[in-house]
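Asker: Before I ask anything, here is the structure I am working with.
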Amino acid sequence: MSGPPQHDHPDVVLCPGGPVLVRGAHTVQDADGQVHEVRRPVVALCRCAKSARLPFCDGTHKLLPEGARP
Amino acid sequence: MILPKPRGELSAALFEALRSVPERTPPLPQFADDAADAALSLWVLHELSYRGFEDVDDEAEWDLVALGVRRTLERELEQRLRDRWPGNPAGGYDPDELLAFVEADDGPSLSSYIQKKATREETLELLRQRSVYHLKEADPSAWTVPRLPVRAQAALVELQFDEYGDGDPNRLHSHLFARGLDAEGLRSERGAYIDEATPETLEMNNAMSLFGLHRRLRGAAMGHLAAFEASSSLPSRKMAQGLERLGFNDQLVGYYTEHVEADAVHEQLAARDICGTLAEDDPGQADGIWFGAFTCLDLEARFARSMFERWGSQE
């Protein structure tokens, strides 16, 4: 008998071909040093660098060819 | 909200019967006149489980005559949706396959049309049709919460917390939309434009309620949610650009820009943490996930085609 399991629940998750999800962040500093407030419990940060709303993911990775995705 | 205008013999008799609850409800016609009569009747019957109607007693939600009609209409709707579904393309469920399936969708795009070509009148018409859904937004998915295994349950609530404004009523998505409509001089109360909802709009909303209200269809409810979220980020950006082009107010534009970022998160949560763990912990639901995802895209494509047809557009 193992009982109810302990589940993995990572704070940072790299999505294949897509953004990195970050849980519990309140602020994010972008590459220019500007700090952005985060108001949602999980935020998706851009990894393809093509987002129009950097540092946040806006789904643009889906427009890139397979080989150019993160 | 009060009961909408009936659109045929079934809805006329049904609404009369609903107004007579808790008196004994008379027997009702067995068949609807047409798709609009059936779809409006089912929309009203489902609405009894959301907010109800000022001119209908709350008892009507569980009135046996009303439930009988609801069940018949739901069976017909589910059969219609299943007949259109080509089946699970992969066997089992894989989140990346679902995201790729949504990406590969080449259905007609209302958001591209709004972004570049639509007139203000066409855009207002689209907003009125969309309001039937956007004014309840996350509610149909909320029915599924108590029906999920623990990992999927936690993930759905994590997503829904954001849909419901992260604890701030002003950021609740359906409320953001209501405020945007109001700022544009449109009506913002629930069901405000139900009398002009097309059969395609009604069917789209009825499918979500059907999936949400039946525990048996929990996989379809979550598959629908995943496909919906995964087909939202890029179109929301186009909608925002179109609304800006046409001079719509900031609040309405803001509703769509909020969805660009929110749904970039939600699509990952829905495809992976909700549907992925659901398929692992409750493997019988894998086909349902695909059925729901297909139905979401199929209903949107049918709705888009119907709008382009109304506008005489060759999109």
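The values are calculated or read from the model by the stated rules, or taken from the named source; none is laboratory data. What you are looking at is a predicted structure, and each value in this text was computed from that prediction instead of being measured. In this analysis, Cβ positions are derived from the backbone assuming ideal geometry, glycine residues included, and neighbour counts consider all displayed protein chains. Calculation scope for accessible area: heavy atoms of the full protein, side chains included, ligands and nucleic acids excluded. Shrake-Rupley method; radii C 1.70, N 1.55, O 1.52, S 1.80 Å.
Asker: For the cross-link pairs A:K62/B:K116; A:K50/B:K136; B:K5/B:K116; B:K116/B:K136; B:K5/B:K238, which exceed 31 Å when the distance is taken from alpha carbon to alpha carbon?
Answerer: Listed pairs above 31 Å: A:K50/B:K136; B:K5/B:K116; B:K5/B:K238.
Asker: Measuring with a 1.4 Å probe in the full set of protein chains, what accessible area per residue, in whole Å², belongs to segment B:192-288?
Answerer: Dividing the accessible area of segment B:192-288 by its residue count gives 27 Å².
Asker: Do you know the relative contact order of segment B:91-310, to the nearest whole percent, from alpha carbon pairs under 8 angstrom that are 6+ apart?
Answerer: 34 percent
Asker: If you don't mind, another one. Can you compute the modelled spin-label distance between B:A154 and A:D8, with each label point 7 Å from Cα toward Cβ, in nm?
Answerer: According to this spin-label approximation, the distance is 1.3 nm.
Asker: Okay, next question. When the convex hull of the C-alpha atoms of the protein assembly as shown is computed, what volume per residue in Å³ does it have?
Answerer: 158 Å³
Asker: Using the Cα atoms as the points, what is the convex hull volume per residue of chain A in Å³?
Answerer: It comes to 112 Å³ per residue, whole-number rounded.
Asker: Turning to a different aspect of this structure: Treating segment B:91-310 as a set of equal point scatterers at the Cα positions, no solvent, please give the Debye-formula log₁₀ I(q)/I(0) at q = 0.07, 0.08, 0.13 Å⁻¹.
Answerer: -0.20, -0.26, -0.70
Asker: Moving on. Would you check the accessible area of A:H7, probe 1.4 Å, heavy atoms only, in square angstrom rounded to 10?
Answerer: 70 Å²
Asker: Rounded to the nearest 500, what is the 222 nm mean residue ellipticity of the protein assembly as shown from helices alone, with -39500 (n - 2.57) per DSSP H run of 4+ residues and division by all residues?
Answerer: -16500 deg cm²/dmol
Asker: If you don't mind, there's one more thing I want to ask. Enter the Cα centre distance for the pair segment B:58-106 and segment B:140-200, rounded to the nearest angstrom.
Answerer: Result: 19 Å between the Cα centres.
Asker: Could you state the accessible area per residue of chain A in Å², with a 1.4 Å probe and every protein chain left in place?
Answerer: 63 Å²
Asker: Mind grabbing the accessible area of B:V145 for me, 1.4 Å probe, Å², rounded to tens?
Answerer: 40 Å²
Asker: Quick one: which bits of segment A:37-70 get at least 40 Å² less accessible when the partner protein chains are in, versus the chain alone, with a 1.4 Å probe?
Answerer: Residues losing area: A:R39, A:R40, A:P41, A:V42, A:R53, A:D58, A:K62.
Asker: Who wins for biggest fluctuation among A:P41, A:P55, A:P19 in a Gaussian network model of chain A, springs between alpha carbons below 10 Å?
Answerer: Comparing A:P41, A:P55, A:P19 in the GNM, the peak value goes to A:P41.
Asker: Could you please state how large a percent of the accessible area of segment A:12-55 is carbon and sulfur, counting protein chains only and using a 1.4 Å probe?
Answerer: It is 50 percent, rounded to a whole number.
Asker: For chains B and A, what's the summed buried accessible area, probe 1.4 Å, to the nearest 100 square angstrom?
Answerer: Separately minus together, B and A give about 2100 Å² buried.
Asker: What trypsin sites (Lys or Arg not before Pro) does segment B:138-200 have in DSSP loop regions with at most 15 other beta carbons within 10 Å?
Answerer: Filter output for segment B:138-200: B:R187.
Asker: Also: Just how much of B:M239 is accessible, in Å², when a 1.4 Å probe is used and the result is rounded to the nearest 10?
Answerer: For B:M239, solvent-accessible area is about 20 Å².
Asker: According to the square roots a ≥ b ≥ c of the eigenvalues of the Cα gyration tensor, what is the shape class of segment B:31-183, taking rounded for a/c under 1.5, prolate for a/b larger than b/c otherwise, and oblate for the remainder?
Answerer: Verdict is rounded for segment B:31-183.
Asker: Note every residue of segment B:246-283 with a reduction of at least 50 square angstrom in accessible area, all protein chains present versus the isolated chain, computed with a 1.4 Å probe, or write none.
Answerer: Residues shielded by partner chains are B:E261, B:V265, B:Q268.
Asker: Quick one: grab the alpha carbon gyration tensor of segment B:1-61, order the square roots of its eigenvalues as a ≥ b ≥ c, and give me rounded if a/c is under 1.5, else prolate or oblate depending on whether a/b is larger than b/c.
Answerer: oblate
Asker: Tally up the carbon and sulfur contribution to the accessible surface of segment B:24-78 as a whole percent, 1.4 Å probe, everything protein left in place.
Answerer: That fraction is 51 percent.
Asker: For segment B:9-82, what is the accessible area per residue in Å² when the probe is 1.4 Å?
Answerer: Here the per-residue accessible area is 52 Å².
Asker: With a 10 Å cut-off between alpha carbons and a GNM built on chain B, which of B:F53, B:F31, B:F228 moves the most?
Answerer: The residue with the greatest mean-square fluctuation here is B:F31.
Asker: Moving on to the next point. For chain B, modelled as a GNM with alpha-carbon contacts under 10 angstrom, which of B:P89, B:P199, B:P140 fluctuates the most?
Answerer: Of the options given, B:P89 has the highest mean-square fluctuation.
Asker: Measuring from centroid to centroid over Cα atoms, what is the spacing of segment B:204-228 and segment A:1-64 in Å?
Answerer: If you average the Cα positions of each part, the centres end up 27 Å apart.
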